[in-house]
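**Q** The structure's right below; bear with me while I get my questions together.
The values are calculated or read from the model by the stated rules, or taken from the named source; none is laboratory data. Note that the coordinates shown come from a computational prediction; the quantities given were computed from them, not determined experimentally. As a convention, Cβ positions derive from the backbone with ideal geometry for all residues, glycine included, and neighbour counts pool all protein chains shown. All accessible areas refer to the heavy atoms of the entire protein, side chains included, with ligands and DNA or RNA removed. Shrake-Rupley method; radii C 1.70, N 1.55, O 1.52, S 1.80 Å.
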Amino acid sequence: MKLADTLSKCVHAQAHATKSQRLTSFAVILLFVASTCFAQSTSKDLAKQLDNAFSGLASNASPGFAVLLKQDRKVVFAKGYGVRDLRTKTAIDAQTNFRLASFTKQFTAMAIMLLVHDGKLRYDQTLTEILPEFPAYGKTVTVRNLLNHTGGLPDYEDLMDAVEKTKGPIWSPEKQIQDAEVLQLLEKESGGKFAPGTKWEYSNSGYVVLGMIVAKVSGKPFGDFLHGRIFAPLKMDHTLVFEKGKNEVANRAFGHIGLGSHLEHIGFFDETDQSSTSATQGDGGIYSNLEDLSKWDDALRNHTLLSEKEFAPAISPAKLPPGAEAKLAEDVPESVRGSASAYGFGWFLNLQDAHPLMWHYGDTMGFKTAIFRYTRDNVTVIVLCNRTDLDQGALALKAAQRVLPHR
C-alpha cells in the first residue's frame, strides 16, 4: 500500500474515534511514517554506496558489466556500467543480454529435473539406456553423475585438441563445434577419466550431453524445451539459447578481452565474442539479462517450477569419497574458492557457512558472470560482464557484503 493511501485511511478513521484512540492512532502514524522514510533513506544510501563502489571500473567508452542486488525479494540495486560493444557504444543497462557461459548449467539442470517431474527420466538412468549408441563406458555413468560432475566423461576440448594435432585445424569461431560433434568425439573414446562417482571434476562434456538428453527425451530442441517450460512461464521474454543463424539476441552485449597489462595497452580492448566452442548449448549457450534473471531468482525462491521437495536434489551436495572434496575448489575462480565446498545439480554449494550460499559462475571468451543466492538471508546478487579483466566473484561479494548481517 502507498504511504498516501495509508495516511488517508488513518485520517478517515480518526474522525470517528475517541480522544484516546486518536492519540494512539496518531502515534502509530508517526511511527509508520518514520520507519518508511528510514527504509527509503537506507535504500538510497545503499544504492549510492554501491554506485560509488562500481562506477570507476568501466568508462562510458569501454566494455563493462551489470549488477543486480536483491534483498527480501526486492530489487534494491540494478545498474549497468560501460557499453555493450565498441562499435555502437550503446550503454549497458538491466535489459542488456549477456552470454551466461557456465551460469547456463543451472537451467540445464532444471530442464532435466522437469523431465524427472514429468516421469520421462530418472536420475539413476545410464547414458547407454538413453543413448544406446554410446560406448560401453557409458553403462555406469548416470544422469545424476552428469548433473553433479562425478561422471568422468573426457573433456571435449581436450579431444578437439587431440584431433587437430593429427588432422590440422578443423574448428574455429567461424566453424564452431556443435553438440552432435561433441557426442561423436565422446563416442570414439574407450573409457572415461575415472570411475563414475569416485571423483569430482568439473565437466562441460557432461552438460553438453545433458542438453542432448533433454532434446532426446522431450522430443524438442533443447532451446525450445527451455523456452516452453522455463523462460515463457516465468516471462523471461528476452532469454534464449543462442543458435547462430537461427535466432537473434536483442540488446546484445559482445564479449571483449583487454589487450594487456602493459602501459601502452591499458584501457584497450579487442572484441572476442565467439570461439570454436561457443555453439555448444547445455554447458553455456544461454543469453539473458538482469531483469529476466531476477524473475528466475523469484521462481527459485517461490518454487514456481518445482516443489521444494522436488528441487531438493539440486541443493544436495554430491556424495564424494574422502579427499575428493579438495579438488572442488581448484576449478573455480580464486575470489570465490572459499565458497565452493560442494556441488549439487548445476549449483556450487556452501551450506555450512554462517550465510548459506548456492551459486554459480560463468567464464568464457569475452564474458564473466555470476549468481550468488544467500538462501537464509534472502539476498541475491547477479553480475554480468562483457570483458574478461574483471573478477565477477569479487564484484558479487562486494555487493553482498553491503547487506549481509555480521555474525
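**Q** Find the lysine pairs in segment 100-192 meeting two conditions, Cα atoms under 29 Å apart and a separation of 8 or more places or different chains, and report how many there are.
**A** Number of lysine pairs found: 12.
**Q** Write down the Kirkwood hydrodynamic radius of the chain, to one decimal in angstroms, obtained as one divided by the mean of 1/r over all alpha carbon pairs. Intermediate values should be presented prior to the final figure.
**A** Numbers: mean 1/r = 0.0435 Å⁻¹.
With all distinct Cα pairs of the chain included, I get 23.0 Å.
**Q** Per the Kirkwood formula on distinct C-alpha pairs, the Rh of segment 250-407 is how many angstrom?
**A** Working: mean 1/r = 0.0579 Å⁻¹.
Answer for segment 250-407: a Kirkwood hydrodynamic radius of 17.3 Å.
**Q** Okay, next question. Given a Förster radius of 56 Å and the C-beta distance between THR166 and LYS220 as r, what FRET efficiency does 1/(1 + (r/R0)^6) yield to the nearest 0.05?
**A** For R0 = 56 Å, the calculated efficiency reads 0.95.
**Q** Rounded to the nearest 20 debye, what is the charge dipole size of the chain about its Cα centre when +1 sits on each Lys and Arg Cβ and -1 on each Asp and Glu Cβ?
**A** 1700
**Q** Full-extension gain between THR140 and LEU259, please, as 0.36 nm times their residue separation minus the C-alpha to C-alpha distance.
**A** 38.3 nm
**Q** Using the C-alpha gyration tensor of segment 91-130, what are the square roots of 5 times its eigenvalues, in whole angstrom, with the largest one first?
**A** 32, 11, 6
**Q** Pick out which of GLY219, GLY285, GLY245 has the largest mean-square fluctuation in a Gaussian network model of the chain, springs linking Cα atoms closer than 10 Å.
**A** GLY245
**Q** Just from its helices, what would the mean residue ellipticity at 222 nm be for the chain, if runs of 4 or more DSSP H residues each count -39500 (n - 2.57) and the sum is divided by every residue, rounded to the nearest 500 deg cm²/dmol?
**A** For the chain, the value works out to -10500 deg cm²/dmol.
**Q** What is the chain's relative contact order, in percent, from Cα pairs under 8 angstrom and six or more apart in sequence?
**A** 21
**Q** Using a 1.4 Å probe, what is the accessible area per residue for segment 56-213, in Å²? Can you show the working numbers first?
**A** On the way: 6380 Å² over 158 residues.
That works out to 40 Å² per residue.
**Q** With the full set of protein chains in place, find how many percent of the accessible area of the chain is carbon and sulfur; take the probe as 1.4 Å.
**A** 54
**Q** Next question, about the same structure. Please give the length that would be gained between ASP51 and ALA232 if that part of the chain were fully extended, namely 0.36 nm times their separation in residues minus their C-alpha to C-alpha distance (nm, one decimal).
**A** Contour length minus the Cα-Cα distance gives 62.0 nm.
**Q** Given 0.36 nm per residue, what is the gain on full extension from SER43 to ASN251 after removing their alpha carbon distance, in nm?
**A** That works out to 72.0 nm of additional length.
**Q** With a length cut of 15 Å (Cα positions projected on each helix's long axis) and a Kyte-Doolittle mean of at least 1.0, go through the chain and give me the DSSP H helices that pass. Kindly include the intermediate steps, with their values, before the conclusion.
**A** Working: long enough: 3-14 (17 Å, 0.19); 19-54 (53 Å, 0.31); 105-117 (18 Å, 1.17); 156-167 (16 Å, -1.01); 204-218 (21 Å, 1.18); 290-302 (18 Å, -1.11).
Qualifying helices, which must be both long enough and hydrophobic enough, are 105-117, 204-218.
**Q** Enter the accessible area per residue of segment 268-405 (Å², integer; probe 1.4 Å; all protein chains in place).
**A** Values: 4930 Å² over 138 residues.
That works out to 36 Å² per residue.
**Q** Let me ask another. Go ahead and run the numbers for FRET between ASP353 and ASP118, Cβ-Cβ distance against an R0 of 22 Å, rounding to 0.05.
**A** 0.05
**Q** I want to check the label-to-label distance for ASP389 and THR88. Put each point 7 Å from Cα in the C-beta direction and report it in nm to one decimal.
**A** 2.4
**Q** Rule-of-thumb check for segment 56-161: C-alpha Rg over 2.2 N^0.38 Å?
**A** 1.58
**Q** Still on this structure: Taking the Cα centre of each part, how many Å lie between segment 81-153 and segment 339-407?
**A** Here the two parts' Cα centres lie 18 Å apart.
**Q** Shifting gears a bit: What number of lysine-lysine pairs in segment 195-263 show an alpha-carbon separation below 25 angstrom, given a sequence spacing of 8 or more or placement on distinct chains?
**A** Working: LYS216/LYS244; LYS216/LYS246; LYS220/LYS235; LYS220/LYS244; LYS220/LYS246; LYS235/LYS244; LYS235/LYS246.
Pairs that pass both the separation and distance tests number 7.
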